[in-house]
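Structure, as structure tokens:
The values are calculated or read from the model by the stated rules, or taken from the named source; none is laboratory data. Since the structure is predicted, the reported quantities are computational estimates derived from the model, not experimental observations. Glycine also receives a Cβ, built like all others from the backbone with ideal geometry; neighbour counts cover every protein chain displayed.
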Amino acid sequence: MSALDTAAAVRAGERSAVDILDEHLARIARRDGEIHAFNLVTEGLARSQAESVDAAVAEGRDPGPLAGVPVAVKDNTCTRGIPTTCSSRILEGWLPPYDATVIERLGSAGAIIIGKTNLDEFAMGSSTENSAFGPSRNPHDVTKVPGGSSGGSAAAVAAGFAPLAIGSDTGGSVRQPASLCGVVGVKPTYGVVSRYGLVAFASSLDQIGPFATSIADAAVLLEVIGGHDPRDSTSIPEPAPSLLDVLGRGVDGMRVGVITELAGGPGGVEGIAPDVVARTRQAVAALEAAGARVSEISVPSAILGLSAYYLIAPAEASSNLSRYDGVRYGLRVDAPTTGEMNIASRSAGFGDEVKRRIMLGTYALSAGYYDAFYGKALKVRTLIMRDFAAAYEQVDVLVSPTSPTTAFGFGDKTADPMAMYVNDVCTIPSNLSGHPAISIPFGVGDDGMPIGVQILGPAQSEPTIFTVATVLEDVAAKGGAQ
Amino acid sequence: MSDRITRDEVVHVARLARLELGPDEIDAFTEQLARVLEHAADIESLDVDDVPPTSHPLPLVNVFRTDEVRASIDRREVLAQAPWAESDMFRVPPVLGEEP
Amino acid sequence: MSWSIEPTLPEGWELVVGLEVHVELSTATKLFCGCANRFGSEPNTNICPVCLGLPGSLPVINGTAVKYAMQLGRALLCDVKPAVMARKNYFYPDMPKDYQTTQYEQPTNSDGEVVLPDGFTVGIERAHIEEDTGKSTHIGGGGRINEAIYSLVDYNRAGVPLIEIVSRPCLDTIDHAKAYVSGLRDILLAIGVSDARMEEGSMRVDANVSVRPVGSDELRTRCELKNINSIRSMARAIEYEARRQIDLYTSGERPRQETRHWDEAAGRSTPGRSKENLDDYRFFQEPDLVPLVPTAEEIAAIDAAMPALPAARRAALVEASSADADVVATLVERGQDALALAAIGRGADADKVVTRLRHDLAVDDFSKVSAESFAALIVMETSGDLTATQAKQVLAELVDSGGDPRSIAAERGFEAMHDDELADLVDRLIADNPDEWQRFVGGHEGDRKKMQGFFIGQIMRATKGQADGRAVADLLAQRGRSPANGSPGT
Ligand SMILES: [Mg+2]
Ligand SMILES: [Zn+2]
């Protein structure tokens, strides 16, 4: 049952939030041992939230648009008094003294926080293999990764553990796992969802986004968590976009561009699988059939995004992760001096990928290298923004694959960091530009695993990209993606 | 092995980042970082002298908070999370070296 | 202003000093969160996720702190420009995020100056906004950082708004350094953005000191002196450091660029431990905050509301009175410049105004002396209606009780004693005391002085102290020079 239907039934008093919770808890009990979507199932909190939703309904009060809907929350989102680990040893057992803004908003909307989901440590990865607490598995094939870094959230929704989940997307960390797990994933415009309480990875790129099994469910979740938050200086001072009422507008007359470089075109990115390109082209054809005017659009700098991203994100991360020093919270490994204690704690508490990115970022910012690396990457960011601005003069939305391949096997890409980083090549440009993008399931690949198609639009074009996604969702539902 | 980054630079960067790397880790990181920097050669060679940098995707400016006191949080809740608290403060081993 | 005697450095050497002054702004809340900006609270009571740098927390900048910073910038005659916050990355347990949010390449204020009372101009490189750190107490080892057994950290001060005012390396004497710091303090108090208390740490001075041969314009290796906690301690620390460096050069060595810790009790500085990550702070723009872009209207409003600042007040008084710079500085420091200008504006003699203020109004509270009554008093004195002695007495009563100087003089029976009246008295006295007069005109210096005292005393007795002693002395001298009495004073 969809989140919208669940909430409607609970608000109407037809279903009890506690019963719905129990059904989901039963599913988790049955299968999460295998999937490992959750670091922690927050049964106690969920039950008390469900009970107050039921009480509100009994008293004739409206518990809100997500009444009784279980939501799985990525474990880098602060929950007061509930462990928030970022899947890192360095934060194991840490109990935040405050709730993230999205947690507050979910609570006020009647949602039920059912658990904290697994991720690549500090959201650094594309497979969830970098979790200190073991990887999550893809519900469609448990020998495959669910993608990452929000792999636990994607897997939770795909496995039916919760109709909705929250993830964070710094370079594709919502969209890529959504694609690999066959669910909807959204990276909103930078500044639409408050980052307050999201443990920072790369502050100028991080954005919280929804997972759902349908566009409409993703829309209601974004309406709930979006909108201005005075606690985040980078929050856009406007209400959340209105999405539910525009989903059915259709794409007649809309201008749709295919990003040539990401869809098998000349001079494009290597390594995008033919079955993925084929599904992307099929989706574009479906939009054309639905009345859209389709063209090929070149975004030349998109290819440079990967290099720019893997300098900018680690640079910001190296600074954001300095605070894990063993002084105020988290892991401390004792040593004779504070400096040595910092080193011992960080060396024991961080995993390899986190250390690698801290090293990379520290190097890119350090004296003598700033101009060649970090400074250069910021200029490439300008080029990407210019290219997108030019593209959006010609079209309303752009289409590309979400991930270059379908879900891969455990260990397939862990030996060479660059092989893993290339997974983000289609998703990274939107993080650098701050623009919104959505990944929607559109058929399967040669291996039978889900493929996601990505719709991109200019800043604050969520209503438009959700509309386009709804058309593709209908096509796929009618068997048009086979 | 690439000449993009040397072992000594890796050791220096680790010190800046307060990480301790064993000899094997230094070797592995030197090679892996070199591969990433190798890939970054595509932007390193770009002529972007006239291109301004973009640090942030948002055009917002002047976001201010009013100077009004808000309740602080209960120190017990925070100190309970400290690896070592004493006299309502955070206890650390001796600090060598002065504040820069 | 306490003018001291400039310590002399060994022949042939001169000082080059630049000061970095950190000032805590007196806002109600911290720079990035709503915690109280309060000195002396119980440890870790003014804290929240933001100023503790807890994972997930985000800063939102205090608009009043930014406004105070711009006010200070304009008071320091800086360019106030669009600015961005930056991160300065280094590890320190007092600093919750292990980076300091500060300003780097684009500070709010740059290129200003402070004019000292003697006219020397101190260039201001920048005055930027940043956050303060928490505070450590070092346990064991007598509280000394390098000998402590462990430390305890209190984050109440973490995130308190600071302005770091960086002077150019242009201070050439210790007196100029002292005058600069007290000048800054006066400015801060005048615009009301900080209480600028060195003893409570709300104003902290670090000194970059180097020396060079006189006449050279090179900038040699400098040392940064920390832990200076008063102006006096700064003067001692600079002098110690200058002598240390000169000794090194003289013995063929050179100083190392380093941070040194001033030990006030021992009267010497010791080298700080060199830090391995010194000078690689990996600055970059703070992505959690957006640019600060002042509008032209905001800056104009700040300028319009700016109170008169000490340098401008001194300049105005010099212009109106042509008094010496140090006298003017004293009056401005005492806050008597407005009274002086008002009295001069009402026609009182400028020299007399300055003299009376300087010598006879060195009191804490002169609020009962209105400009009108003060001006009237000075006019009475210069027109001869009051003698100097009488004028001082009237002024003293004005300070105590206020009122109209004319009625005070009348109540006390201070009759106008005009010059001819006094001259008559003097001539009568000379005639009555011929022996004494002869000793006055014909005696040697000692006798002359003695007899002058005799005559003045007689006049005072006769006039019940209302005569002006100086006028009597002048009359005696004049009569002694006249041909009828021979040629005196040979
Ligand atoms: Mg500073
Ligand atoms: Zn605070």
In the range A:358-374, residues that are in contact with a Ser or Thr (Cβ under 7 Å, 6 or more places away or on another chain) and more than 10 Å from chain C (Cβ to nearest Cβ) total 1
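For residues that are facing chain B (nearest Cβ under 10 Å) and either more than 30 Å from C:G123 (Cβ to Cβ) or within 16 Å of ligand 1 (Cβ to nearest atom) (or both), tally how many sit in the range C:51-65. Talk me through it step by step, then tell me what you get.
Our first condition is that a residue be facing chain B (nearest Cβ under 10 Å); within the range C:51-65, this holds for C:51-52, C:54, C:59-65.
The next check asks that each one be either more than 30 Å from C:G123 (Cβ to Cβ) or within 16 Å of ligand 1 (Cβ to nearest atom) (or both); those that pass are C:51-52, C:54, C:59-60, C:65.
Adding up the residues that qualify gives 6.
For the range C:16-26, give me the residue count where each residue is away from ligand 1 (no atom under 16 Å from the Cβ) and surrounded by fewer than 22 Cβ atoms within 10 Å (Cβ to Cβ).
Initial filter on the range C:16-26 (away from ligand 1 (no atom under 16 Å from the Cβ)): C:16-17, C:26.
Next, from what is left, pick out any that are surrounded by fewer than 22 Cβ atoms within 10 Å (Cβ to Cβ): C:16, C:26.
Residues that pass the stated criteria total 2.
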In the set A:T405, A:T427, A:T414, the lone residue that is modelled with pLDDT under 95 and either aromatic (F, W, Y) or out of contact with any Phe, Trp or Tyr (no Cβ under 8 Å at 6 or more places or on another chain) (or both) is A:T414
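From the list B:P52, B:P83, B:P100, which one is within 7 Å of chain A (Cβ to nearest Cβ) and either at pLDDT below 95 or within 26 Å of A:G351 (Cα to Cα) (or both)?
Working: B:P52 fails: either at pLDDT below 95 or within 26 Å of A:G351 (Cα to Cα) (or both); B:P100 fails: within 7 Å of chain A (Cβ to nearest Cβ).
Result: B:P83 is the single residue among B:P52, B:P83, B:P100 that is within 7 Å of chain A (Cβ to nearest Cβ) and either at pLDDT below 95 or within 26 Å of A:G351 (Cα to Cα) (or both).
So in the range C:45-59, with the set limited to residues that are touching a strand residue (DSSP E or B) at 6+ places or on another chain (Cβ under 8 Å) and within 11 Å of ligand 2 (Cβ to nearest atom), which one is farthest from A:S233 (Cα to Cα)?
Going residue by residue through the range C:45-59, those that are touching a strand residue (DSSP E or B) at 6+ places or on another chain (Cβ under 8 Å) are C:46, C:56, C:59.
This time we only want the ones that are within 11 Å of ligand 2 (Cβ to nearest atom), so: C:46, C:59.
Values: C:N46: 22, C:P59: 7 Å.
Among those that are touching a strand residue (DSSP E or B) at 6+ places or on another chain (Cβ under 8 Å) and within 11 Å of ligand 2 (Cβ to nearest atom), it is C:N46.
A quick yes/no check of all residues on (1) within 22 Å of the chain's Cα centre (by Cα); (2) more than 16 Å from ligand 1 (Cβ to nearest atom); (3) farther than 23 Å from A:S319 by Cβ:
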| position | (1), (2), (3) |
| --- | --- |
| C:K67 | no, yes, yes |
| C:L77 | yes, yes, yes |
| C:M95 | no, no, no |
| C:Y104 | no, no, no |
| C:V122 | yes, yes, yes |
| C:E131 | no, no, no |
| C:S136 | no, yes, no |
| C:I139 | no, yes, yes |
| C:S151 | no, yes, yes |
From A:G253, A:G226, residue being surrounded by 24 or more Cβ atoms within 10 Å (Cβ to Cβ) and more than 14 Å from every other protein chain (Cβ to nearest Cβ):
A:G226
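Counting just the residues of the range C:275-297 that are of a type in the set (S, T, N, Q) and at pLDDT 95 or above, which one comes out nearest to A:T234 (Cα to Cα)? If you could, list the steps in order and put the result at the bottom.
Taking the range C:275-297 first, the residues of a type in the set (S, T, N, Q) are C:277, C:285, C:295.
Imposing the further condition that a residue be at pLDDT 95 or above reduces the set to C:285, C:295.
Values: C:Q285: 14, C:T295: 20 Å.
Residue satisfying both the conditions and the ranking: C:Q285.
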For A:V380, which of the numbered conditions (1) in contact with a Ser or Thr (Cβ under 9 Å, 6 or more places away or on another chain); (2) in contact (Cβ under 8 Å) with a residue 60 or more places away in the chain; (3) not in a helix (DSSP H, G or I) fails to hold?
(3)
Give the range C:31-50 a look and list any residue that's charged (D, E, K, R) and either within 16 Å of ligand 1 (Cβ to nearest atom) or touching an Asp or Glu at 6+ places or on another chain (Cβ under 8 Å) (or both), or say none.
C:E42
Checking the structure you have, find out if any residue of the range A:191-209 is surrounded by fewer than 21 Cβ atoms within 10 Å (Cβ to Cβ) and within 24 Å of the chain's Cα centre (by Cα).
no
B:I43 passes all but one of the listed conditions (1) at the interface with chain A (Cβ under 7 Å from one of its Cβ atoms); (2) out of contact with any Leu (no Cβ under 6 Å at 6 or more places or on another chain); the exception is number (2)
Can you list the helices (runs of 4 or more DSSP H) found entirely within the range A:1-109 that contain at least 2 residues being within 25 Å of B:A80 (Cβ to Cβ)?
A:43-58, A:101-108
The lone exception for C:S202 - which of (1) within 21 Å of C:V16 (Cβ to Cβ); (2) within 16 Å of ligand 1 (Cβ to nearest atom); (3) under 18 Å from the mean Cα position of the chain (by Cα); (4) not acidic (D, E) it fails:
(1)
Identify all residues within the range A:420-472 that are over 21 Å from A:D245 (Cβ atoms), of a type in the set (S, T, N, Q) and part of a loop (DSSP other than H, G, I, E, B); write none if there are none.
A:T427
Single unsatisfied condition, C:A207 versus (1) within 21 Å of the chain's Cα centre (by Cα); (2) surrounded by 23 or more Cβ atoms within 10 Å (Cβ to Cβ); (3) not in a strand (DSSP E or B):
(3)
Identify, please: which residue in the range A:390-414 is assigned to a helix (DSSP H, G or I) and touching a residue at least 60 places away in the same chain (Cβ under 8 Å) and is, among those, nearest to B:D42 (Cα to Cα)?
A:A391
Return the total of residues in the range A:130-147 being over 21 Å from A:G197 (Cβ atoms) and in contact with a Leu (Cβ under 9 Å, 6 or more places away or on another chain).
8
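Residues of the range A:239-261 being in a loop (DSSP other than H, G, I, E, B) and touching a residue at least 60 places away in the same chain (Cβ under 8 Å), which ones? Step through it out loud before you land on a result.
Start the filter on the range A:239-261 by keeping residues that are in a loop (DSSP other than H, G, I, E, B), which leaves A:239-243, A:250-254.
The answer is A:P241, A:S242, A:L243, A:G250, A:V251, A:M254.
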Residues being part of a helix (DSSP H, G or I), more than 25 Å from C:G73 (Cβ to Cβ) and free of Cβ contacts under 8 Å to residues at least 12 places away in the same chain - total across the range C:293-337:
2
Looking at the range A:399-418, is at least one residue over 20 Å from A:S173 (Cβ atoms), surrounded by 24 or more Cβ atoms within 10 Å (Cβ to Cβ) and not charged (D, E, K, R)?
yes
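Within the range C:418-442, count every residue that is in contact (Cβ under 8 Å) with a residue 12 or more places away in the chain and either crowded, with 21+ Cβ neighbours inside 10 Å or within 16 Å of C:F455 (Cβ to Cβ) (or both).
Just the residues of the range C:418-442 that are in contact (Cβ under 8 Å) with a residue 12 or more places away in the chain, to begin with: C:418-419, C:422-423, C:425-427, C:429-430, C:433, C:436-437, C:439-442.
Next, only the ones that are either crowded, with 21+ Cβ neighbours inside 10 Å or within 16 Å of C:F455 (Cβ to Cβ) (or both) stay: C:422-423, C:425-427, C:429-430, C:433, C:436-437, C:439-442.
Adding up the residues that qualify gives 14.
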Would you say C:D279 is surrounded by fewer than 19 Cβ atoms within 10 Å (Cβ to Cβ), in the same structural domain as C:M85 (by TED's automatic domain parsing) and either touching a helix residue (DSSP H, G or I) at 6+ places or on another chain (Cβ under 7 Å) or not in a strand (DSSP E or B) (or both)?
yes
Restricting attention to the range B:55-78, the residues that are modelled with pLDDT of 95 or more and facing another protein chain (nearest Cβ under 7 Å) number exactly 16
Exactly one of (1) within 12 Å of another protein chain (Cβ to nearest Cβ); (2) within 16 Å of ligand 2 (Cβ to nearest atom); (3) assigned to a strand (DSSP E or B) is unmet by C:L162. Its number?
(1)
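Test C:N62 against the stated conditions and say whether it is closer than 28 Å to C:R282 by Cα, modelled with pLDDT of 95 or more and away from ligand 2 (no atom under 14 Å from the Cβ).
So C:N62 does not fit the description; no.
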Taking the range C:21-39 on its own, how many of its residues are in a loop (DSSP other than H, G, I, E, B) and at pLDDT 95 or above?
12
Residue check: is C:R243 under 20 Å from C:E14 (Cβ atoms), outside any helix (DSSP H, G or I) and out of contact with any His (no Cβ under 6 Å at 6 or more places or on another chain)?
no
